[in-house]
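Here is the structure we will look at, set down as structure tokens.
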């Protein structure tokens, strides 16, 4: 039997097939136990941090899990509220974003208070924590919201089989259970099967965080039958046209390219532009709607971002942590219906200054390009969507009182922070300082320290564990 989780390779190589299977099973049990404990610890952390009022409770809102335009609680009706800013400490310790920490704590509270059977099964080792969390995610964000009674009914139906079915089956079961309960509430005499016709499954979703190193992004859609067949015929025609024009790409790749062409040259856009002053290319077609992408390539492809991959020279896309191929950018520029704008080069190492508190556009752009994202530990919100914060606060009374300005508006004293983390820094004990160009060291209220630079977050010190009485 393996005694530790980090045995020398020689000892692992000595294990028989049966011993390897036994060891893998043990490790999986340890992993499941740790995940269950993490949920219990997250729920206890919530217990220790109630909000002072409902206005200071944490919610999903602008930039939350779903990019909501309205606020939504992190757990359903009947769960205790949690102080807004206590979330950040949990996320930083676990090495996850604050929004991911919200989901963890929300799932823990949802399971403990509204799905008690699943909660018990998780801690008995009968259901993995990740499966229970998928159920909690569905019941938290059900539309319309589930009452406590409705959530308990879902819990009763799902807990009976949650440990025995696969993930896809579990997802379908949860969705069906929620829908049947809604139908029963609306009309106890109605046929539950009729209710499925009222559910509109159509959607068109771009998975902008699912980016392949080849420079592709996944797009998924559920269409009306007639629309789907029309689109299929259009893609087939577009793929054949590309082949006739000399494309040697496989059929699937040509269909994918044809879908992109539809977005740029579809008839509706041409009709909309008739009689207008819309810009047209040399071939008479309307210029496609402008899509603004910020692609960064070094002056020399030997530079920091100019990675040479198996796909060719590579740069960086500002819209999220992803790569872009030089060949792709060249292809975009060759398309006569693509509007390409080249912006001036900015020296990211220059120390730019400005009098007063307001930040000029040239300094703002430099800070955005230098830091790329919000500089709070583990946060990945793009810097272009962030506030620009004076690291050392600007003293508005310094000039009139004849004192030197401690928080000048200079490149080295500015950092991008998303609105939530900007408020966190302003209203809590979180503090940070600049230790180098684009390098920040954060200290949490509990004494944990993190270094954040353009490459990510690193733990640089933990406080001594508290002594038990």
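Table: residues versus (1) surrounded by 18 or more Cβ atoms within 10 Å (Cβ to Cβ); (2) modelled with pLDDT under 95; (3) in the same structural domain as residue 456 (by TED's automatic domain parsing).
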{"position": "97", "(1), (2), (3)": "yes, yes, no"}
{"position": "106", "(1), (2), (3)": "yes, no, no"}
{"position": "111", "(1), (2), (3)": "yes, no, no"}
{"position": "116", "(1), (2), (3)": "no, no, no"}
{"position": "125", "(1), (2), (3)": "no, yes, no"}
{"position": "138", "(1), (2), (3)": "yes, yes, no"}
**OP:** State whether the residues of the stretch 367-377 include one that is surrounded by fewer than 18 Cβ atoms within 10 Å (Cβ to Cβ) and touching a strand residue (DSSP E or B) at 6+ places or on another chain (Cβ under 6 Å).
**Re:** no
Original post:
in contact with a helix residue (DSSP H, G or I) (Cβ under 6 Å, 6 or more places away or on another chain) and in contact (Cβ under 8 Å) with a residue 60 or more places away in the chain - does that describe any residue in the stretch 415-423?
Top reply: no
Original post:
For the stretch 197-248, how many residues are touching a helix residue (DSSP H, G or I) at 6+ places or on another chain (Cβ under 7 Å), more than 30 Å from residue 175 (Cα to Cα) and at pLDDT 85 or above?
Top reply: 7
Original post:
Which one of these is surrounded by fewer than 20 Cβ atoms within 10 Å (Cβ to Cβ), out of contact with any helix residue (DSSP H, G or I) (no Cβ under 6 Å at 6 or more places or on another chain) and not assigned by TED's automatic domain parsing to the domain that holds residue 95: 381, 362?
Top reply: 362
Original post:
Can you spot a residue in the stretch 159-177 that is within 22 Å of the chain's Cα centre (by Cα) and assigned to a loop (DSSP other than H, G, I, E, B)?
Top reply: no
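State all residues of the stretch 11-38 that are in contact (Cβ under 8 Å) with a residue 12 or more places away in the chain and in a loop (DSSP other than H, G, I, E, B); if no residue qualifies, say none.
Taking the stretch 11-38 as the starting set, the residues that turn out to be in contact (Cβ under 8 Å) with a residue 12 or more places away in the chain are 15, 19, 22-23, 26-27, 29-30, 32-33, 35-36, 38.
15 - this is the single residue of the stretch 11-38 that is in contact (Cβ under 8 Å) with a residue 12 or more places away in the chain and in a loop (DSSP other than H, G, I, E, B).
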Subject >> Residues within the stretch 39-76 that are modelled with pLDDT of 90 or more and either surrounded by fewer than 15 Cβ atoms within 10 Å (Cβ to Cβ) or part of a strand (DSSP E or B) (or both), tallied >> reply: 5
Original post:
How about the stretch 404-437: which of its residues are more than 15 Å from residue 356 (Cα to Cα) and in a loop (DSSP other than H, G, I, E, B)?
Top reply: 418, 428, 429, 430, 437
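So in the stretch 139-158, with the set limited to residues that are touching a helix residue (DSSP H, G or I) at 6+ places or on another chain (Cβ under 8 Å) and outside any helix (DSSP H, G or I), which one is nearest to residue 80 (Cα to Cα)? Give the derivation first.
Going through the stretch 139-158, the residues touching a helix residue (DSSP H, G or I) at 6+ places or on another chain (Cβ under 8 Å) turn out to be 139-140, 142, 144, 146, 148, 150-158.
When the remaining residues are screened for being outside any helix (DSSP H, G or I), the result is 142, 144, 146.
Values: 142: 18, 144: 20, 146: 16 Å.
The extreme case among them is 146.
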Subject >> Odd one out for residue 28, checked against (1) under 17 Å from residue 103 (Cα atoms); (2) modelled with pLDDT of 80 or more >> reply: (1)
Subject >> Residue list for the stretch 366-382, filter: part of a helix (DSSP H, G or I) and closer than 13 Å to residue 420 by Cα >> reply: none
**OP:** Return a yes/no flag: does the stretch 395-412 have any residue that is within 21 Å of residue 86 (Cβ to Cβ), surrounded by 12 or more Cβ atoms within 10 Å (Cβ to Cβ) and either touching a residue at least 40 places away in the same chain (Cβ under 8 Å) or in the same structural domain as residue 51 (by TED's automatic domain parsing) (or both).
**Re:** no
**OP:** Tell me which of these residue 445 doesn't satisfy, since it passes every other one: (1) exposed (fewer than 14 other Cβ atoms within 10 Å of the Cβ); (2) in contact (Cβ under 8 Å) with a residue 60 or more places away in the chain; (3) assigned to a strand (DSSP E or B).
**Re:** (3)
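The values are calculated or read from the model by the stated rules, or taken from the named source; none is laboratory data. Source: prediction; values computed, not measured. We place every Cβ from the backbone using ideal geometry, glycine too, and count neighbours over all the protein chains shown.
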